[in-house]
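The values are calculated or read from the model by the stated rules, or taken from the named source; none is laboratory data. Since the structure is predicted, the reported quantities are computational estimates derived from the model, not experimental observations. Reconstructed Cβ throughout: ideal geometry from the backbone, glycine too, with neighbour counts over all protein chains shown.
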Amino acid sequence: MASQKVRKIGILTSFLLFPVVMNYFSPYLIVESAALGIINGSFIVFVILFLSSLFIGRFWCGWLCPVGGLQEACFMITDKQAAGGNYNLIKYAIWVPWLIIIGILAFLAGSYTQINFFYNTESYVSIDEPSRFFIYYIILGSIFILALTRKRAFCHYGCWIALFPIAGQKIKNFFKWPSYHLEADPSKCKLCKNCDKACPMSLNVSEMVQSGSMENTECILCGTCVATCPQGTIETAWRWRN
């Protein structure tokens, strides 16, 4: 399906650009800048991801995330399903305290008093000196090792970025305004379970179809299930959902 080729090109290109943009997703620089009362690049990017998710959910995670590109490249090595359920709570246990620390540091600094998108990235490129390559490969290596254990394991258990679109997704679902989402017609489903096997987030998609609800906070709206369903059971939609 052409859309899946476009998606894979998007996330792999994003991964190749990771040395350029890494600082703009940094969980450390946002803490450092908060202590100085500075709104930095990662702060702005996280806000943009949250606001966009109010209308497109976790679309970013499925189509443009550089770390997603690395993990899907690892599918050639392993296609072992990731454990879901309570294991997905690990990322909250790690990163909710991080958000609290950011808020405390900003408060102690007298709130945010300036904006510097390129804070600590004066050359605009994240990896611009040898020491930063060392940091880059530590981060990349850690994600790579985790990705070798389960499909998109980092997305499930360790991603700090996921918190922002998940929060936005919950808000949009509460208000039920028109947004990008998946819909399914259970009557068309033949339970071939191609969608379960293809889902990069290891979701039980066929069960979601049978339940009549395609909502799941771990769904990244990649559309893989849409592309692999021979019956056309699942589709993407952008309209008011009852």
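Residue-wise test of (1) hydrophobic (A, V, I, L, M, F, W, C); (2) part of a strand (DSSP E or B); (3) not assigned by TED's automatic domain parsing to the domain that holds TYR28.
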{"site": "CYS155", "(1), (2), (3)": "yes, no, no"}
{"site": "ILE161", "(1), (2), (3)": "yes, no, no"}
{"site": "PRO165", "(1), (2), (3)": "no, no, no"}
{"site": "HIS181", "(1), (2), (3)": "no, yes, yes"}
{"site": "LYS197", "(1), (2), (3)": "no, no, yes"}
{"site": "MET208", "(1), (2), (3)": "yes, no, yes"}
{"site": "CYS225", "(1), (2), (3)": "yes, no, yes"}
{"site": "GLY232", "(1), (2), (3)": "no, no, yes"}
- line: If you go through PHE59, PHE107, the only one that is aromatic (Phe, Trp, Tyr), in contact (Cβ under 8 Å) with a residue 60 or more places away in the chain and either within 22 Å of LEU12 (Cα to Cα) or loosely packed, with under 15 Cβ neighbours inside 10 Å (or both) is PHE59
query: Given GLY110, GLY103, which one is closer than 23 Å to ALA35 by Cβ, in a loop (DSSP other than H, G, I, E, B) and either more than 24 Å from the chain's Cα centre (by Cα) or in the same structural domain as PRO19 (by TED's automatic domain parsing) (or both)?
result: GLY110
- prompt: Any idea how many residues of the stretch 144-153 are in a helix (DSSP H, G or I), surrounded by fewer than 22 Cβ atoms within 10 Å (Cβ to Cβ) and in contact (Cβ under 8 Å) with a residue 24 or more places away in the chain?
  reply: 1
query: Quick one: would you say PHE15 is touching a helix residue (DSSP H, G or I) at 6+ places or on another chain (Cβ under 6 Å) and touching a residue at least 12 places away in the same chain (Cβ under 8 Å)?
result: yes
field: Qualifying positions in the stretch 62-98 - aliphatic (A, V, I, L, M), surrounded by fewer than 17 Cβ atoms within 10 Å (Cβ to Cβ) and assigned to a helix (DSSP H, G or I)
entry: ALA73, MET76, LEU89, ILE90, ALA93, ILE94, VAL96
query: Say we look at the stretch 118-143 and pick out the residues that are in contact with a strand residue (DSSP E or B) (Cβ under 9 Å, 6 or more places away or on another chain) and buried (at least 18 other Cβ atoms within 10 Å of the Cβ); which of these is nearest to ASN23 (Cα to Cα)?
result: THR121
message: Conditions first: (1) within 27 Å of VAL96 (Cβ to Cβ); (2) outside the structural domain of ILE94 (by TED's automatic domain parsing); (3) among the small types (Gly, Ala, Ser); (4) surrounded by fewer than 17 Cβ atoms within 10 Å (Cβ to Cβ). SER202 passes all but one, so which condition is the exception?
response: (4)
